[in-house]
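Step one of this worksheet: look at the structure below.
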């Protein structure tokens, strides 16, 4: 029976490269001279430390631009709230979302059911498996999901016929 999986994966190597490029740009920019700014990549988050709110927003914009250039969607970022840090600085933890949550999985299944195609969709861990008798139905589901904005970057993998 033909099937495919809907997943949301982030290439952490590309995220690391984007963080390093953003750090270089921040070090070279004139408006950041003489201030202490950091961008640290942790296992599942990016921690940004900036001298003030303006610099924090500028660093986040730089980081998003570098991620887009490297083929990583900004939808995978989950911005936390700004926290005060020592010396009047601000810190923000930006999570890197891997996989599809149960709620998003249910939302994807609902969108698939609304198409009225003869397909079955089920949430499995951090992915959604879609099966059908005809490959054409599966391809139509992919097209429908590509047009919807579900708040996460979706990839379609493991197409089996």
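Every number here is computed from the coordinates shown, using simple stated rules; none is lab data. Fair warning: this is a prediction, and the values are worked out from it, not measured in the lab. Positions of Cβ are backbone-derived with ideal geometry, glycine not excepted, and every protein chain shown enters the neighbour counts.
Is region 12-96 rounded, prolate or oblate when judged by the Cα gyration tensor, a ≥ b ≥ c being the square roots of its eigenvalues, rounded requiring a/c under 1.5 and prolate requiring a/b larger than b/c? In terms of gyration-tensor shape, oblate. Relative to the longest principal axis of the Cα atoms of the chain, the long axis of helix 135-147 lies at roughly 30 degrees. Projecting label points 7 angstrom from Cα along Cα→Cβ for residue 47 and residue 143 puts them 4.8 nm apart.
For the chain, relative contact order (Cα pairs under 8 Å, six or more residues apart, normalised by length) works out to 35 percent. Dimensions of the chain from C-alpha coordinates, computed as largest minus smallest value along each principal axis and given longest first, are 63, 25, 24 Å. For region 12-96, relative contact order (Cα pairs under 8 Å, six or more residues apart, normalised by length) works out to 31 percent. Estimated from the Cβ-Cβ distance and a Förster radius of 35 angstrom, the FRET efficiency linking residue 133 and residue 75 is about 0.65. For the chain, adding -39500 (n - 2.57) for each run of n ≥ 4 DSSP H residues and dividing by the number of residues yields -12000 deg cm²/dmol at 222 nm. Panel order for 3, 79, by other beta carbons found within 10 Å of each beta carbon, from fewest to most: 79, 3. Of interest is the spacing of the C-alpha centroids, which for region 111-132 and region 40-90 amounts to 34 Å.
Given R0 = 30 Å, the distance between the Cβ atoms of residue 150 and residue 24 translates into a calculated FRET efficiency of 0.35.
So if we plug the beta-carbon distance of residue 82 and residue 160 into 1/(1 + (r/R0)^6) with R0 = 30 Å, what FRET efficiency do we get, rounded to 0.05? For R0 = 30 Å, the calculated efficiency reads 0.10.
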